[in-house]
Amino acid sequence: MSSNTSTIFQSTINNFLDTKHTVREFKEVELIQNAVEIHSNNFLDFIDGILKSPLWIQWDFQNNPLKQLALDLAAEIDRLSTLHPEPAFHSRRHFMDVCMMLSYLLMQQERWCDQSQLTSPWYACKEEKWLLLIAAISHDLGHPGLINKKPYELEKGSLDLLDTFLSQSMHLEIGISDVLGQISPWILATDHAYYKALLEKVSKESRSHVDCMSMLLVEADLASSVLPNHGFTLAQRLAEEWRINYPEKSMALTTHAGYLQFLKSLSFVSPQSIEARIPQALQITLSTHP
Ligand SMILES: [Zn+2]
C-alpha cells in the first residue's frame, strides 16, 4: 500500500471506529465502506488498520492472543485468494463489511453503563468481542460461491478450514478447542436457512447468551445489505455469484422486487442494532425501492 493510500485508509477507519461518535448517518457508513474498499489492497492491511483504530486499541487486553490470530487469519485469507478465484459476493470485500459492521454494532455497547445492560444476554464482554471478530473474519472461509445442499454445509466447511489452520499454526497457546467451541455455534448460525428460527429464539424473554451472540454475528453479516445504496450493489454481486449455477435465483435478485423480498424477511432486533438504527436503515431502503 502506498503511504498516501495507507494514511487515507487509516484516518477513515480511525474516524469511524471511535467511541466519540457512536451513531452515524447511513450515507456516512456507506461512504466509509466505499473508501475502505478502494483504499485497502488486501485483507491483512484492513485487519491491521481496524486493530489500530481507537476502538480496538481500547478493547485490547494484556497478552491478548486473539489479536495476532486475527492478523494471521487475514494473511491466510489473502494467501487463499491467490490460489482460488474469489466469488463475486463472498470475497474479502464481504469479510471487510462484516468486520466493519460488527465493530460498529459492538461500539454501541460503549454507551451502556447500567448494570441491567451489563448482565443482559446481549452484552459481549471484552474477550467475546475479539472472538466475534475472529468469527467475522472466518465465517465464510473458503466459500465456494455455492448454496448449501444440506444444513450448515458451507459453514462446517469454514469451521474445518479454521480448525486446520489453528492446528497447523503457532496459536496452540490459545486453546483451539476453546476458540472453536465458542465460535462454532455463532458461525453455524450464519446459515440463512435457520435465520427465522434464531429470530424467534432471541425474541423470547428466555433468550440464551449463545443465541444472542450468534444473532450479533448474523446481523453484522446482513447489515450492509440493507443500507440504502450499498445494499442493492451487494445484492447485484450475489446475483453475479449465482449467475452460472443458480440462474433463476440470480435473475430474481437482479430485480428490485427480488431484493425487496429478501429485505422484507429481515428484522434487526439486537439492542446494538437498534442503537445503531439499522432497523431505520432497513425501513428507508424498503421505502426507496419501487
Ligand atoms: Zn457472510
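Give the range 261-277 a look and list any residue that's of a type outside the set (Lys, Arg) and either touching a residue at least 40 places away in the same chain (Cβ under 8 Å) or at positive phi (or both), or say none.
Keep residues of the range 261-277 that are of a type outside the set (Lys, Arg), which gives 261-263, 265-276.
Ser265, Leu266, Ser267, Phe268, Val269, Ser270, Pro271, Gln272, Ser273, Glu275, Ala276 - these are the residues of the range 261-277 that are of a type outside the set (Lys, Arg) and either touching a residue at least 40 places away in the same chain (Cβ under 8 Å) or at positive phi (or both).
Sort through Glu219, Glu241, Glu275, Glu200 and tell me the only one that's modelled with pLDDT under 95 and among the acidic types (Asp, Glu).
Working: Glu219 fails: modelled with pLDDT under 95; Glu241 fails: modelled with pLDDT under 95; Glu200 fails: modelled with pLDDT under 95.
None of the other options fit; the residue is Glu275.
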### Task
Give the residues of the range 72-90 that are in contact (Cβ under 8 Å) with a residue 60 or more places away in the chain and either of a type in the set (Phe, Trp, Tyr) or closer than 21 Å to Phe9 by Cα (or both), sorted by residue number.
Asp72, Leu73, Ala74, Ile77, Phe89
#### Entry: Single residue of His143, His90 found to be assigned to a loop (DSSP other than H, G, I, E, B), of a type outside the set (Ser, Thr, Tyr) and farther than 22 Å from Gln182 by Cβ
His90
### Message
For a quick check of your reading of the model, give me the residue pairs whose first member lies in the range 132-153 and is within 15 Å of Asp72 (Cβ to Cβ) and in contact (Cβ under 8 Å) with a residue 12 or more places away in the chain, whose second is of a type in the set (S, T, N, Q) and surrounded by fewer than 24 Cβ atoms within 10 Å (Cβ to Cβ), with beta-carbon atoms closer than 8 Å and at least 6 apart or on different chains.
### Response
Leu133/Ser103; Ser138/Ser158; Leu141/Ser158
### Query
Taking the range 114-141 only, how many residues are within 16 Å of the chain's Cα centre (by Cα) and either within 12 Å of the ligand (Cβ to nearest atom) or at pLDDT below 95 (or both)?
7
## Note on the structure
All-but-one check, Lys156 against (1) of a type outside the set (A, V, I, L, M); (2) modelled with pLDDT under 95; (3) under 19 Å from the mean Cα position of the chain (by Cα), failing number (2)
### Task
Return the pairs, sorted by first residue and then second, in which the second residue is aliphatic (A, V, I, L, M) and away from the ligand (no atom under 16 Å from the Cβ), the first residue lies in the range 177-199 and is farther than 26 Å from Leu166 by Cβ, the beta carbons are less than 9 Å apart, and the residues are 6+ apart or on different chains.
Leu199/Val269
### Test set (1) within 15 Å of the ligand (Cβ to nearest atom); (2) closer than 27 Å to Ile244 by Cβ - Asp160 fails condition number
(1)
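Restricting the search to the range 48-88, which residues are within 16 Å of the ligand (Cβ to nearest atom) and either surrounded by 21 or more Cβ atoms within 10 Å (Cβ to Cβ) or of a type in the set (A, V, I, L, M) (or both)?
Residues of the range 48-88 that are within 16 Å of the ligand (Cβ to nearest atom), as a first pass: 73-74, 77, 80-81, 86-88.
Selection gives Leu73, Ala74, Ile77, Leu80, Ala88.
To keep it simple, each residue is scored yes or no on (1) over 18 Å from the mean Cα position of the chain (by Cα); (2) at pLDDT below 85; (3) outside any helix (DSSP H, G or I).
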{"residue": "Thr5", "(1), (2), (3)": "yes, yes, no"}
{"residue": "Ile13", "(1), (2), (3)": "no, no, no"}
{"residue": "Thr19", "(1), (2), (3)": "yes, no, yes"}
{"residue": "Val23", "(1), (2), (3)": "no, no, yes"}
{"residue": "Gln33", "(1), (2), (3)": "no, no, no"}
{"residue": "Ile57", "(1), (2), (3)": "yes, no, no"}
{"residue": "Asn63", "(1), (2), (3)": "yes, no, yes"}
{"residue": "Leu71", "(1), (2), (3)": "no, no, no"}
{"residue": "Ala74", "(1), (2), (3)": "no, no, no"}
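The values are calculated or read from the model by the stated rules, or taken from the named source; none is laboratory data. Note that the coordinates shown come from a computational prediction; the quantities given were computed from them, not determined experimentally. We place every Cβ from the backbone using ideal geometry, glycine too, and count neighbours over all the protein chains shown.
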